[in-house]
Amino acid sequence: MKFLTNVFFSLFLLAKFAAAQIPESENASDILLQMKKLNVLGSVLYIAAHPDDENTRLLAWLSKDKLYRTGYLSLTRGDGGQNLIGDEQGIELGLIRTQELMAARRIDGADQFFSRAYDFGFSKTTAEALKIWNEQKILSDVVWIIRKFQPDIIITRFPEDKRAGHGQHSASSVLARMAFTSAADPKQFPEQLAYGVFPWQAKRIFWNNYNFGNVNTTRDDQLKIEVGGYNPLVGKSYGEIAADSRSQHRSQGFGIAHTRGNSLEYFSLTAGEKADSSLLQNINCNWSRLPNGFAIGQMIDHLIKNYDPSAPYQSLQSLVEIYQHINALAPGYWRTVKLQETLELIHVCSGLWLEATVPQAYALHNQTIPVTLRVVNRAPLEITIHAVILNGQDTTWNLATQPGVNYSLVRRISLGGLPISQPYWLIESMSPGSYNVQDQTLIGRPLNPPVLEAVFEVRLMGETFRFKQNVFYRFTDAVKGEIFEPLTIIPGQMAYCDPDLLVFTEGREKDLRVRKQLKTLRDEDEDNSVIHPAVLSNEKKSAVRASSIAITPIPGFQTKDISHTGSTDEFLLKSNLTKDQSMATWVIHTKNGSTDTLLQCRTISYEHIPRIDYFKQAKSTVVSVNLKTAGKKIGYIEGAGDKISDALSAMGYTVIKLNEDMVTSAELQNLDAVITGVRAYDVHDWLLGKYGVLMDYIKNGGNLIVQYNRNLGNDTTGIGPFPFGISNARVTEEDAPVQFLLPSHPVLHFPNEISDKDFEEWIQERGIYFAQHIDPRYQAVFSMHDSGEPEQNGSLIIGNYGKGYFSYTGLVFFRELPAGIPGAYRLFANLIALNQSKGK
């Protein structure tokens, strides 16, 4: 069992030490900070619900001032939020926010963890969040992470009541408190104990009180800690580090300014032993905590005292001796943690540069690829590279390095046995409120284990060590210089649908193209050409025969294979459902007798995070809806990121994307409607300057539809012809009953008759950021509310101004249209047709 525990925690530590996205060198200040941290045996786990919930100032202070091992457990990956930098939603947004959290942790020094909970959107009650997540399932995850991380104390961000402002917020604290007790009980989730963990009782659990907006939960009688200090080794105050960390949450628009000077944090005890002077009061955080550990602490004191920042390699002899003494301790958590920290220090103090790269970003899961190994000894030391291990394949090198010499070796490595690079939480189908992960050892990890890792066996100071380095795709960009990106392993065959959304109306036929998706090419020797993903063409010929693709037939639709080439199959589709609304999915699979569904590789790329690849079914969502449209030419002003314009094109409209220079009277006069994307007024300052142009457009018979914006207060005169405010009011129950306040209003009758049926099957919510303080010249069309709450009338307001119309809507069309909800299409078509409805 002791051996199993040691192996387990070694794997667990990879969650942090394998997280670096590029090979890096530590500077002299970083090394000294790591040495000081080596002498501290204390740990803190911070728990909240979402990315961006964490207190980055406190995390930075705990990690870089107190030098505790600090972790942040975000129960969700932020899948249900809004996206300010692109149109990704759902699991794709969760992938982005996962990487943003990893970037934040690289700055503030904490470790990152997740449960399997899915962020299903805004929740108003704790009970709803716990029910949708499956309380016991997520509780087991929190218990598992506590047993692995073994925190001395736990801190929650939120209270357990409505002051938390979000049901998922309060639920995170409820689960943390329950796990505080359950993690110590061997009868709770006993199956976990087979994986090397033991029951663990943290000393105490705090709530980190706060003063946000109108909610002040701080009091003078609470434990107060000063966390606003300055760290000369980092060259920044903890407020500056916190701002840099929090500003990584770009998809949420959470960039903030640096703060400097004193800053108090407040804490209330939730459970456990009282503390009135410090967070880890009465907890031994030095080496005397471990049997035979006191001498190691003295050795580290000596190491720090004699450290020469101009020659870190002179500390190697002491570090090797410290490593040997730690290794001689009885197996346990702190032994494993400190061995890994010491190993990292030995590596960075040696100045040894180790690199493993491939000439391509993508590789087939069963092929052989060349890996270039590079070594540079940057210290006046005798360092020998005995061997390098890649995917279990050993290469004996026996390289006696000379200082300053750049050594390289190319080794062809088989990728056989390695899985495709699917994020582990996406391998299995989801439950309604959570991901499913069967491999217990993966639960809690922020990312997959390295897809391919080079293990360098290095001998120095009379000892042999294993230094691990991820294998990267390395290339040079003409503007950005040297770039390291992940290596992604892909299936042998992939395809995608063009388009991935089809809207059928009145029995019309539509084309669906199924294209082979290529990420690598093979020549006659089955070697791969170097292809950068930015210039990759999906039109190149594939070795896969066109006849290998088939479409799963769906009742109510006819499919005819009309052409195929080496890279594309084209199908003519027709819906027989002209009256009844329906939504379905065409799934693409092979024709080789297998029922295996072909996968599509989706790539997400932003400058502030590493390239993200994941795989989903090659499919097209098809909507057959009794839909009529009026008007043809639509101007669309993109906002913070949505796919409404794609849905409009699928409905048959001609969509013109408008920028600042195009919003002119001459340009708008030929448009049947102008639509602003979600939060367009939040992200485009120039829109307020176009107020006069847009109002003249309406007055002359135009139709302006504004989708939700937020936090604009009580007066939005600069948006609509008459004043109204925007509130935080929302209806989060997607099946909440909808009352028709104005049954005779044209938006309910032309060109489509709208009924209760059109609000069936909506996903995640009804609407957000409803209008408030509404001028009487607007008409509120709908009323709706969540259970136990008052009616909300601001989901859709319409005003007649001159010859035209203005509409503001908080209804979440940006979710419903890409999801293929038929009723949302019909209602949106009616909004577009408002200025066409007169006299109808």
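Before moving on, here are some points about what is shown:
- Of everything in segment 311-327 that is open to solvent by 50 Å² or more (accessible area, probe 1.4 Å) and without any contact (Cβ under 8 Å) to a residue 24 or more places away in the chain, the residue that is farthest from Ala28 (Cα to Cα) is Asn327.
- Leading residue by the ranking (farthest from the chain's Cα centre (by Cα)) among those in segment 367-396 that are surrounded by fewer than 15 Cβ atoms within 10 Å (Cβ to Cβ), without any contact (Cβ under 8 Å) to a residue 40 or more places away in the chain and on the phi < 0 side of the Ramachandran plot: Thr396
- If you go through segment 260-281 and pick out every residue that is open to solvent by 40 Å² or more (accessible area, probe 1.4 Å) and out of contact with any Asp or Glu (no Cβ under 7 Å at 6 or more places or on another chain), you end up with 9.
- Checking the stated criteria, Phe12 turns out not to satisfy the condition of being surrounded by fewer than 18 Cβ atoms within 10 Å (Cβ to Cβ) and modelled with pLDDT under 95.
- Helices (runs of 4 or more DSSP H) fully within segment 659-737 that include at least 1 residues being modelled with pLDDT under 95: 680-683.
- Condition met for Arg177 (within 28 Å of Tyr68 (Cβ to Cβ) and either buried (at least 21 other Cβ atoms within 10 Å of the Cβ) or at pLDDT below 95 (or both)): no
- Out of Gln112, Gln99, sole residue that is assigned to a helix (DSSP H, G or I) and surrounded by 22 or more Cβ atoms within 10 Å (Cβ to Cβ): Gln99
- Among the residues of segment 323-368, those identified as β-branched (Val, Ile, Thr) and under 22 Å from Lys36 (Cβ atoms) are Ile326, Thr336, Val337, Thr342, Ile346, Val348.
- Segment 200-213: number of residues that are polar (S, T, N, Q) and open to solvent by less than 50 Å² (accessible area, probe 1.4 Å): 2
- Filtered residue count, segment 601-647, keeping only those that are in a loop (DSSP other than H, G, I, E, B) and of a type outside the set (Gly, Ala, Ser): 15
- Residue tally, condition in a helix (DSSP H, G or I), within 19 Å of Ala311 (Cβ to Cβ) and touching a helix residue (DSSP H, G or I) at 6+ places or on another chain (Cβ under 9 Å), over segment 343-357: 6
- The set of residues from segment 780-801 being closer than 15 Å to Glu734 by Cα, open to solvent by less than 10 Å² (accessible area, probe 1.4 Å) and assigned to a loop (DSSP other than H, G, I, E, B) comprises Asp786, Ser795.
- Single residue of segment 180-199 satisfying the filter (of a type in the set (A, V, I, L, M) and not in a loop (DSSP other than H, G, I, E, B)) that is least open to solvent (accessible area, probe 1.4 Å): Leu193
- Cβ-Cβ under 7 Å pairs, at least 6 apart or on other chains, segment 629-648 side under 19 Å from Ser665 (Cα atoms) and touching a residue at least 60 places away in the same chain (Cβ under 8 Å), far side part of a loop (DSSP other than H, G, I, E, B) and not hydroxyl-bearing (Ser, Thr, Tyr): Gly631/Asp672; Gly631/Ala833; Ile634/Leu671; Ile634/Asp672
- Counted residues, segment 617-644 - those being over 20 Å from Phe571 (Cβ atoms) and surrounded by fewer than 20 Cβ atoms within 10 Å (Cβ to Cβ): 8
- Cβ-Cβ distances below 6 Å connect the following pairs, each with a first residue in segment 408-436 that is in a loop (DSSP other than H, G, I, E, B), a second residue that is open to solvent by 60 Å² or more (accessible area, probe 1.4 Å) and acidic (Asp, Glu), and a separation of six or more residues or different chains: Asn436/Glu428.
- Options Leu41, Leu4, Leu32, Leu45: the member that is modelled with pLDDT under 65 and either open to solvent by 40 Å² or more (accessible area, probe 1.4 Å) or hydrophobic (A, V, I, L, M, F, W, C) (or both): Leu4
- Residue match in segment 673-681 (condition: touching a residue at least 12 places away in the same chain (Cβ under 8 Å), surrounded by fewer than 21 Cβ atoms within 10 Å (Cβ to Cβ) and not hydrophobic (A, V, I, L, M, F, W, C)): no
The values are calculated or read from the model by the stated rules, or taken from the named source; none is laboratory data. On a predicted model such as this, the values are computed, not experimentally measured, just so you know. Neighbour counts are summed over all protein chains in view; Cβ atoms, including those assigned to glycine, are modelled from backbone coordinates with ideal geometry. Just the protein is used for accessible areas: all its heavy atoms, side chains included, with ligands, DNA and RNA removed. Shrake-Rupley method; radii C 1.70, N 1.55, O 1.52, S 1.80 Å.
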